[in-house]
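A short worksheet on the structure shown next.
The values are calculated or read from the model by the stated rules, or taken from the named source; none is laboratory data. Since we're looking at a predicted model, the values are computed, not measured. A quick note on method: Cβ atoms are made from the backbone with ideal geometry, for glycine too, and the neighbour counts reach across all protein chains shown. What goes into the accessible areas is simple: the full protein's heavy atoms, side chains included, and nothing from ligands, DNA or RNA. Shrake-Rupley method; radii C 1.70, N 1.55, O 1.52, S 1.80 Å.
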Amino acid sequence: AATGALALAFSGYFLELLVALLSVPLLLAALVFVVLLAFINFRGISESVKLNLAMSVTEIAGLALVLGIGVVVLLAGGADLGRPFDFNEGGNPALLALAGATLAFFAMTGFENAANVAEEVQNPSRVYPRALLGGMASAGLIYLIIAFIASMVVPTGRLAGSEVALLEVVRQGLPAFPGWLFAIVACVAITNTCLVALITNSRIMYGMARENVVPRIFARTHQSRRTPWVAIVFTTIIALILIVGVGEEGVNTLASATVAFLLAVFTLVCLCALVLRRDRVPQEHYTAPTVILLLGVAVNVALLLYVLITDLQGLIAGDIGPRESVLLVCLVMLLVGVGLYFVNNLAQRRLDASRPSDGRNGRG
């Protein structure tokens with residue numbers, strides 16, 4: 001879901017580059033974009049990491065430009081400092097803030113992937129929690145500043161209706177800056193995040209296959225590239241299906257579906273942390289404060305219920321169609337996952353039944 005949302009967001013900026021040359025459907029651009037990134041993923045992790053590093057530098061440059069525009073507009077007296085604190089007319093401020101909080105979870109996709117490389121860190125029980133919490137706090141602060149600058153420079157209604165929100169900030173605050181150049185920067189930034197998402201998706205599928213959670217075929221690697229090509233192909237196809245399923249206006253739907261899954265996963269993580277502290281382990285490890293874990297469960301459940309109930313109300317009222325429904329997208333993805341799980345169990349049972357007994361313990 002995250003990959004699909006990022007691909008559609010990429011297409012909005014990418015089409016800004018092509019608008020003067022030719023007309024390309026946004027949906028087609030998103031599909032081609034995902035396929036190209038899947039090929040990079042297939043080439044190998046080394047190529048992906050090098051490209052990721054280069055794109056990260058470009059992404060930082062783009063954020064620095066937006067920050068600079070905010071300072072220039074503020075010093076020139078053209079900023080509306082009251083606009084970032086305005087709420088939509090007729091809306092409940094508490095519910096609007098809650099809606100913003102749920103969508104903000106999408107920005108945190110990727111932080112949980114850091115756990116996969118924690119074992120490479122020296123003294124991980126001490127370093128990793130600080131790095132994770134420090135990174136989330138820093139990213140959260142940057143997102144808040146960028147959001148404040150964007151609404152300070154450009155009317156919020158115009159931002160909400162634009163497929164290229166940050167480009168609107170550049171056009172309004174610094175008209176002399178080439179719009180096409182910032183569109184390239186934005187495309188690179190989104191490409192960076194989407195590439196990481198594709199890599200993570202395929203590696204998680206590969207790891208699950210090795211643990212016999214999903215069919216073993218997803219653990220198959222390419223003979224020369226040594227990448228999990230079956231997992232890459234499968235996760236790419238799922239992303240393409242989701243993009244086609246939600247259509248060109250499906251960025252918010254896929255983003256919200258990603259948020260719903262994240263909230264559910266984070267809730268389970270907090271519960272598991274509470275249960276696992278009963279186990280005794282010999283090595284030093286980080287123990288999260290109980291009050292934080294309980295608060296995490298309560299907040300995550302509340303936000304998840306808000307997302308699902310809001311979507312259900314929209315479906316009942318006819319405000320959104322089936323293609324825009326977060327509930328239906330999540331249900332389809334859950335059915336695919338459950339289906340793979342049962343297929344794997346059935347295959348394992350048949351495999352175990354076909355193995356001859358060793359005559360000692362009844363096992364094959």
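By a 1.4 Å probe calculation restricted to protein chains, Leu334 has an accessible surface near 90 Å², given to the nearest 10. Rolling a 1.4 angstrom probe over segment 21-85 with all protein chains present gives an accessible area of which 77% lies on carbon and sulfur atoms.
Loop only per DSSP, at most 12 neighbouring Cβ atoms within 10 Å: give me the GluC sites (Glu not before Pro) in segment 143-211, ordered by residue number. Hits after loop and neighbour filter: Glu211.
Once you reduce segment 121-171 and segment 39-77 to the center of their Cα atoms, the two points are 12 Å from each other. For segment 238-280, applying the loop criterion from DSSP together with a ceiling of 13 other beta carbons within 10 Å to the trypsin sites (Lys or Arg not before Pro) yields Arg278, Arg280. Rolling a 1.4 angstrom probe over segment 284-356 with all protein chains present gives an accessible area of which 72% lies on carbon and sulfur atoms. Extension gain, Arg225 to Tyr306: 0.36 nm times the residue separation minus the Cα-Cα distance gives 24.7 nm. Computed extension length for Asn212-Leu335: 42.5 nm, one decimal, from 0.36 nm per residue of separation with the Cα-Cα distance subtracted.
The largest accessible area among Glu324, Glu284 belongs to the first residue in Glu284, Glu324, and the rest follow in falling order (1.4 Å probe, all chains). With R₀ set to 35 Å, the beta-carbon distance separating Val299 from Gln348 gives a calculated FRET efficiency near 0.40.
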